[in-house]
Amino acid sequence: MTDDAHDASSAEPGGADEMADARAIEHAIHERAEHDRAPQAHPAIPLDRQLEAILMIADEPQSLVALGAAVDAPVPAVRQAIERLVADFDGVDGTIRRGFELREVGGGWRFYVRQDLDAVVEQFVEAERPSRLSQAALETLAVVAYKQPITRSQIAAIRAVNVDGVVRTLVARGLIEESFTDSETGAINYVTSDLLLQQLGINSLDELPLISPLLDDGADGFGQNEGIPDGRV
């Protein structure tokens, strides 16, 4: 075969050069598609600020793994950023000590008011809170009273609405309180407070009225079949 013949054959459609080019183009398209599907980080925004923003709106403690997934960063980098934030908020190295702190609770991280400022916050809440509870707050309070300990997501599932704001209101008014944090999910479990008993004029939750007689069928929902005496749950 002459050199001219060889050049002609390689230039024909389906020749070796064109097949190599086609494979290269296909590979580039595949890589681009994978890149588009992958979560994109925000390199222009410092990692510390990204985590600070997420923790500011988080209602539950966030694990390092969850935070890393949210900002597309490795866990070791997230851990170092959290340590820097804690030091910053605590006033280490000459920074201003904030009125809040970043605290690890139940395997996750969450903002809390500093303990020495509890009285200030309590005074503000007392001055701002309304004298009467809304219907949504009353319904949520009833769910907690009869189903405690219970998490925010479980309350939302029962009421079929978002209850984040209502739960915060009830906590602020001292009618419910955080009992413990689930070690696996990080979800906070809520229970009613002694203040609620005082407001209702009862000594214990055993004096709450029975739910079963108010249902169409006492065997459904808040029923005795759940192992709670007298139909309470």
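Report the net charge of residues surrounding GLY99, where surrounding means a beta-carbon distance below 14 angstrom and charges are Lys +1, Arg +1, Asp -1, Glu -1.
Summing Lys/Arg as +1 and Asp/Glu as -1 gives -2.
Taking all pairs of distinct Cα atoms, average 1/r, flip it, and tell me the Kirkwood hydrodynamic radius of the stretch 41-138 in Å to one decimal place.
Here the Kirkwood hydrodynamic radius works out to 15.3 Å.
Probe radius 1.4 Å, ligands and nucleic acids ignored: give me the carbon and sulfur share of the accessible area of the stretch 85-130 as a rounded percent.
Looking at the stretch 85-130 in its full context, I get 53 percent from C and S.
In what sequence, largest accessible area first, do VAL191, VAL92 appear using a 1.4 Å probe?
Largest accessible area first, the residues go VAL92, VAL191.
The values are calculated or read from the model by the stated rules, or taken from the named source; none is laboratory data. Just so it is clear, the structure is predicted and the values come from calculations on it, not from any experiment. As a convention, Cβ positions derive from the backbone with ideal geometry for all residues, glycine included, and neighbour counts pool all protein chains shown. The area values use the complete protein model at the heavy-atom level, side chains included, leaving out ligands, DNA and RNA. Shrake-Rupley method; radii C 1.70, N 1.55, O 1.52, S 1.80 Å.
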